[in-house]
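Engineer: If you scroll down you'll find the structure; I have some questions about it.
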Amino acid sequence: MGAANSCTQTCGVFMSFALFAEQVLNGLQSGIMLFVMAAGLTLIFGVMGLINLAHGSLYMVGAFAAAAAAAWTGSFLLALIAALIGAALVGMFVEMLVIRRLYDRDHLDQVLATFALILIFSEGTRFFFGSFPLFLDVPKVIAGPINLPIGIEYPVYRLIIIGVGLCVALGLWLLISKTRLGVQIRAGKNDREMIAALGVNISALYTFVFAIGAGLAGLAGALVGAIQSVQVGMGEPVLILAFVVIVIGGIGSIKGAFIGAILVGLTDTLGGIFLPELFKLFMEGSIATSLGSALASMLIYILMAVILVCRPQGLFGVEG
Amino acid sequence: MINKTIKILTSAAVMTATALTSSAFADVKVGMITTLSGGGAGLGIDVRDGFMLAIKQSGRTDIEVVIEDDQRKPDIAVQLADKMVQSEKVDVLTGIIWSNLAMAVVPSVTAQGKFYLSPNAGPSALAGAGCHKNYFNVAWQNDNLHEAAGAYANSAGHKNSFILAPNYPAGKDALTGYKRFFSGDLAGEIFTKLGQTDYAAEIAQIRASNADSVFFFLPGGMGISFLKQYASSGVDLPVVGPAFSFDQGILQAVGSAALGVVNTSQWNKDIDNPTNNAFVESFKAEYGRLPSLYASQGFDTANLLISAVATSDVKDADSFRKALEAANFDSTRGDFKFGSNHHPVQTIYARKVIKEGDIFTNMIIGTALENHSDAYATECKF
């Protein structure tokens, strides 16, 4: 029992700083991946007013495309490119075939149609790839851990994920605020008839935005699939989190999605670690872990509820 | 060559038996409710394929099997069970993979006088006070493989384990089972979210604890994620787990991250007996892949059923139950017998993940628990 006791004292609430810093990095990493996923969702909702439940399927498409490309070429970089392009193409195709007909319908019709897409994508993927999970792994060079200052040992690949996510955030910000296309996207969000009247091909613009969103979801799926499992149905749990993120951040706001995703990532990771430890201070170990983890899994929804009570339009949403 | 001869001999024997008995009793209708779509479909497909292989090899024409997909949803499983009992008029039900679905279906169908043969799920609630005379589990009671993992950890000299499982009934059974047999200390105990895919936070806690070993129960995709992330984290403590995360269906997706990990199972493809050798060969020939433990469970379940159908009439519930209790069939696990609560009393092995050519698979390295029953058998009164 000696070892167990000393652990409850030392790694209890007074967790070492290195461990805390590592957990913050973990929270950041999961938040940034959520952002890459949620950015597309919020763009599509903000610009076209479309609720796209099939966004998680595009995440899955990306991961499967990456796994297939990696198995075929053996290159992880090519796999990532295949994920990005594959998901964007599939997204473009689906937009022209199905989604385009939904812009003028109400949200219930959109939910129904895109839910059908989830089922079609899931069973289609199973038809082509089988029911067993696929193999996709990080290349050996970046698979191991690296020593950071203050005694943190952290997997290189996760640092790369953080880097890629930040690049995506920067790229999107430049696209939206510094380019002509960005001006059109922002204008389309405010008044689609007006910019159509000004001669912008609104239908091509929508297809393009949808493809960007799909491509980003695919990229997130491939990046995350390499350290998790590539299997049918992998997109739905992430989709729910992505919706929480865009509701917290304010629908349609890229900045909101970024802040929201980081908030959700940190809350989820740190809550899962600290709540059980906190509960251990005043109750028995097993019950504390069980109760603490149960409450921790509710934490992001509580966060969402609190933010919605204080700011119903989300952190960076526009009122009305 | 020897395998082939044995196979021919076995099927010849079975066919003679069939010819003698198939017309003696009424036909049997079997309802199989299992998971064939969605995230956990690999398991259901393996159970179905193993089951149907045995039916096909028996050559019996008096067993009809109706197969339905429960999509891993309890409400759908309940609807399917109602349909099978009321309109299909099945005599025997089987197939359910997940404990929560089994809890939703089994008590109601056995109460209606049907037989239920479980090829997988073995929740503790159905093994103890909630047991039923018409409910038979051919796989294991949920705690079994975890208990074996605890026993193995003792024999491997582990003194301080870090243990984790998802926060749901089978996860709690898992940690309870491990702790029941593990005699060392616990460096930490974590419940993760069901369906969680990122374990960086848990792995950081493992690193910070002073554990000398890790036990985890994370079935399906959760286990793939954990093992890949664990392998790249730089933490190199030995890992022990039940077979579910090292099953043939998912090992290829984990890749080299699983190599060398010890896991506990009541079955493996290298258990050397004629039935198992013939099973592995014929499964490969029929479906073009190696069988998993789920496939072996489906195969054994069907053979148990066939053995009972061959000697008794399903309409005579008492004699059919007696025939099932006798478990007079050749199991892929060697000898097979039921305990007093209709759950297996069996040997559970420790096996290790190895690479054979290009395929990742398991090899038995020793016995974890001999003739093991379960902790709930004494509470069961029919």
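Engineer: Considering only residues that are at pLDDT below 95 and more than 20 Å from residue B:142 (Cβ to Cβ), which ones fall in the stretch B:331-351?
Structural biologist: Once the filter is applied, which keeps residues that are at pLDDT below 95 and more than 20 Å from residue B:142 (Cβ to Cβ), the stretch B:331-351 yields B:334, B:335.
Engineer: Is the stretch B:260-281 home to any residue that is in contact (Cβ under 8 Å) with a residue 40 or more places away in the chain, surrounded by fewer than 17 Cβ atoms within 10 Å (Cβ to Cβ) and of a type in the set (Gly, Ala, Ser)?
Structural biologist: Looking for residues that are in contact (Cβ under 8 Å) with a residue 40 or more places away in the chain, surrounded by fewer than 17 Cβ atoms within 10 Å (Cβ to Cβ) and of a type in the set (Gly, Ala, Ser), one finds at least one in the stretch B:260-281, hence yes.
Engineer: Which pairs do you get when a residue that is closer than 26 Å to residue B:193 by Cα and without any contact (Cβ under 8 Å) to a residue 40 or more places away in the chain, found in the stretch A:293-320, comes within reach of a residue that is among the charged types (D, E, K, R) and not in a loop (DSSP other than H, G, I, E, B), reach meaning Cβ atoms under 9 angstrom, with the pair 6+ apart or on two chains?
Structural biologist: If the second residue must be among the charged types (D, E, K, R) and not in a loop (DSSP other than H, G, I, E, B), the pairs left are A:296/A:268; A:297/A:268; A:299/A:268.
Engineer: Still on this structure, I have one more. So is residue A:187 touching a Leu at 6+ places or on another chain (Cβ under 9 Å), touching a residue at least 12 places away in the same chain (Cβ under 8 Å) and among the small types (Gly, Ala, Ser) or not? Step through it out loud before you land on a result.
Structural biologist: Values: touching a Leu at 6+ places or on another chain (Cβ under 9 Å): yes; touching a residue at least 12 places away in the same chain (Cβ under 8 Å): yes; among the small types (Gly, Ala, Ser): yes.
Here the answer is yes, as residue A:187 does meet what is asked.
Engineer: Hey, another quick one. So is residue B:232 free of Cβ contacts under 8 Å to residues at least 40 places away in the same chain, under 28 Å from residue B:330 (Cα atoms) and touching a helix residue (DSSP H, G or I) at 6+ places or on another chain (Cβ under 7 Å) or not? Full working, then the answer.
Structural biologist: Values: free of Cβ contacts under 8 Å to residues at least 40 places away in the same chain: yes; under 28 Å from residue B:330 (Cα atoms): no; touching a helix residue (DSSP H, G or I) at 6+ places or on another chain (Cβ under 7 Å): yes.
Taking the combined requirement at face value, the residue does not satisfy it.
Engineer: Restricting attention to the stretch A:105-124, does a residue exist that is outside any helix (DSSP H, G or I), away from every other protein chain (no Cβ under 14 Å), surrounded by 16 or more Cβ atoms within 10 Å (Cβ to Cβ) and without any contact (Cβ under 8 Å) to a residue 60 or more places away in the chain? Reasoning before the result, please.
Structural biologist: So in the stretch A:105-124, the residues outside any helix (DSSP H, G or I) come out as A:105-106.
Still in the running and away from every other protein chain (no Cβ under 14 Å): A:105-106.
Add one more test, that the residue is surrounded by 16 or more Cβ atoms within 10 Å (Cβ to Cβ), and what stays is none.
Within the stretch A:105-124, none of the residues are outside any helix (DSSP H, G or I), away from every other protein chain (no Cβ under 14 Å), surrounded by 16 or more Cβ atoms within 10 Å (Cβ to Cβ) and without any contact (Cβ under 8 Å) to a residue 60 or more places away in the chain.
Engineer: Further question on the same structure: Is it fair to say residue B:348 is closer than 28 Å to residue B:180 by Cα and touching a His at 6+ places or on another chain (Cβ under 8 Å)? Explain how you work it out, then say what you get.
Structural biologist: Numbers: closer than 28 Å to residue B:180 by Cα: yes; touching a His at 6+ places or on another chain (Cβ under 8 Å): yes.
When the stated conditions are applied, residue B:348 passes them.
Engineer: Continuing with this model, one more query. Take residue B:30 and tell me if it is of a type in the set (A, V, I, L, M), within 14 Å of another protein chain (Cβ to nearest Cβ), in contact (Cβ under 8 Å) with a residue 40 or more places away in the chain and within 29 Å of residue B:247 (Cα to Cα).
Structural biologist: So residue B:30 does not fit the description; no.
Engineer: Of the numbered conditions (1) at negative phi; (2) surrounded by fewer than 23 Cβ atoms within 10 Å (Cβ to Cβ); (3) modelled with pLDDT under 95, residue B:41 satisfies every one except a single condition; which is it?
Structural biologist: (2)
Engineer: For residue B:256, all conditions in the list (1) small (Gly, Ala, Ser); (2) under 22 Å from residue B:354 (Cβ atoms); (3) surrounded by fewer than 23 Cβ atoms within 10 Å (Cβ to Cβ); (4) more than 9 Å from every other protein chain (Cβ to nearest Cβ) hold save one; what is the number of the exception?
Structural biologist: It is condition (4) that residue B:256 fails.
Engineer: Another question about this same structure. Pairs please, first residue from the stretch B:57-71 and in contact (Cβ under 8 Å) with a residue 12 or more places away in the chain, second anywhere and among the polar types (S, T, N, Q) and crowded, with 21+ Cβ neighbours inside 10 Å, Cβ atoms under 6 Å, 6+ apart in sequence or on different chains.
Structural biologist: Short answer, once both residue conditions are applied: B:70/B:35.
Engineer: Can you pull out the residues in the stretch A:220-249 that are on the phi > 0 side of the Ramachandran plot and at pLDDT 90 or above?
Structural biologist: Within the stretch A:220-249, the first condition is being on the phi > 0 side of the Ramachandran plot, and the residues that meet it are A:233.
None - no residue of the stretch A:220-249 is on the phi > 0 side of the Ramachandran plot and at pLDDT 90 or above, so the list stays empty.
Engineer: Just to be sure, is residue A:65 surrounded by fewer than 24 Cβ atoms within 10 Å (Cβ to Cβ), assigned to a helix (DSSP H, G or I) and on the phi < 0 side of the Ramachandran plot? Show your work before the answer.
Structural biologist: Working: surrounded by fewer than 24 Cβ atoms within 10 Å (Cβ to Cβ): no; assigned to a helix (DSSP H, G or I): yes; on the phi < 0 side of the Ramachandran plot: yes.
So residue A:65 fails the test.
Engineer: Could I ask something else about it? State whether the residues of the stretch A:95-109 include one that is out of contact with any helix residue (DSSP H, G or I) (no Cβ under 7 Å at 6 or more places or on another chain), farther than 30 Å from residue B:230 by Cα and among the aromatic types (Phe, Trp, Tyr).
Structural biologist: no
Engineer: Another question, then. Does residue B:113 satisfy being in contact (Cβ under 8 Å) with a residue 40 or more places away in the chain, under 20 Å from the mean Cα position of the chain (by Cα), surrounded by fewer than 22 Cβ atoms within 10 Å (Cβ to Cβ) and over 15 Å from residue B:44 (Cβ atoms)? Reasoning before the result, please.
Structural biologist: Details: in contact (Cβ under 8 Å) with a residue 40 or more places away in the chain: yes; under 20 Å from the mean Cα position of the chain (by Cα): no; surrounded by fewer than 22 Cβ atoms within 10 Å (Cβ to Cβ): yes; over 15 Å from residue B:44 (Cβ atoms): yes.
No.
Engineer: Now for a different question. Considering only the stretch A:275-288, state which residues are more than 8 Å from chain B (Cβ to nearest Cβ) and in contact (Cβ under 8 Å) with a residue 12 or more places away in the chain. Show your work before the answer.
Structural biologist: Applying the first criterion (more than 8 Å from chain B (Cβ to nearest Cβ)) to the stretch A:275-288 yields A:275, A:277-284, A:287-288.
If the condition is that a residue be more than 8 Å from chain B (Cβ to nearest Cβ) and in contact (Cβ under 8 Å) with a residue 12 or more places away in the chain, then A:275, A:277, A:278, A:279, A:280, A:281, A:288 are the ones that fit.
Engineer: Would you confirm, using the coordinates I've provided, whether residue A:71 is within 14 Å of another protein chain (Cβ to nearest Cβ) and either over 30 Å from residue B:72 (Cβ atoms) or of a type in the set (Phe, Trp, Tyr) (or both)?
Structural biologist: Values: within 14 Å of another protein chain (Cβ to nearest Cβ): yes; either over 30 Å from residue B:72 (Cβ atoms) or of a type in the set (Phe, Trp, Tyr) (or both): no.
So residue A:71 does not fit the description; no.
Engineer: Next up: Going by what's in this entry, would residue B:216 be described as touching a Gly at 6+ places or on another chain (Cβ under 9 Å), more than 8 Å from every other protein chain (Cβ to nearest Cβ) and under 30 Å from residue B:287 (Cα atoms)?
Structural biologist: On the way: touching a Gly at 6+ places or on another chain (Cβ under 9 Å): yes; more than 8 Å from every other protein chain (Cβ to nearest Cβ): yes; under 30 Å from residue B:287 (Cα atoms): no.
When the stated conditions are applied, residue B:216 does not pass them.
Engineer: Within the stretch B:162-190, restricting attention to residues that are over 23 Å from the mean Cα position of the chain (by Cα) and free of Cβ contacts under 8 Å to residues at least 60 places away in the same chain, which residue is farthest from the other protein chains (Cβ to nearest Cβ)? Quick ask: steps written out before the conclusion?
Structural biologist: First, pick out the residues of the stretch B:162-190 that are over 23 Å from the mean Cα position of the chain (by Cα): B:162, B:183-190.
Still in the list and also free of Cβ contacts under 8 Å to residues at least 60 places away in the same chain: B:183-190.
Details: B:183: 12, B:184: 9, B:185: 5, B:186: 5, B:187: 6, B:188: 7, B:189: 5, B:190: 6 Å.
Applying the filter and picking the extreme gives B:183.
Engineer: Could you say whether any residue in the stretch A:247-258 is in a helix (DSSP H, G or I), within 30 Å of residue A:189 (Cα to Cα) and basic (Lys, Arg)? Give the steps one after another, and end with the answer.
Structural biologist: Of the residues in the stretch A:247-258, the ones in a helix (DSSP H, G or I) are A:247-249, A:254-258.
Narrowing further to those that are within 30 Å of residue A:189 (Cα to Cα): A:247-249, A:254-258.
Among the residues that remain, those that are also basic (Lys, Arg) are: A:255.
There is at least one residue in the stretch A:247-258 that is in a helix (DSSP H, G or I), within 30 Å of residue A:189 (Cα to Cα) and basic (Lys, Arg).
Engineer: Taking the options A:240, A:262, A:251, name whichever one is within 30 Å of residue B:36 (Cβ to Cβ) and surrounded by fewer than 24 Cβ atoms within 10 Å (Cβ to Cβ). Spell out the reasoning first.
Structural biologist: Details: A:262 fails: within 30 Å of residue B:36 (Cβ to Cβ); A:251 fails: within 30 Å of residue B:36 (Cβ to Cβ).
From the options A:240, A:262, A:251, the qualifying one is A:240.
Engineer: State the number of residues belonging to the stretch A:42-53 that are crowded, with 24+ Cβ neighbours inside 10 Å and farther than 14 Å from residue A:211 by Cβ.
Structural biologist: Residues in the stretch A:42-53 being crowded, with 24+ Cβ neighbours inside 10 Å and farther than 14 Å from residue A:211 by Cβ: 2 in total.
Residue-by-condition table, conditions (1) aromatic (Phe, Trp, Tyr); (2) under 22 Å from residue A:117 (Cα atoms):
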position	(1), (2)
A:67	no, yes
A:71	no, no
A:76	yes, no
A:79	no, no
A:89	no, yes
A:99	no, yes
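Engineer: Just to be sure I understand, how many residues within the stretch A:133-157 are within 11 Å of chain B (Cβ to nearest Cβ), free of Cβ contacts under 8 Å to residues at least 60 places away in the same chain and of a type in the set (A, V, I, L, M, F, W, C)?
Structural biologist: 4
The values are calculated or read from the model by the stated rules, or taken from the named source; none is laboratory data. Because the structure is a prediction, the values reported are computed rather than measured. Please note: Cβ atoms are built from the backbone with ideal geometry, for glycine as well, and neighbour counts cover all protein chains shown.
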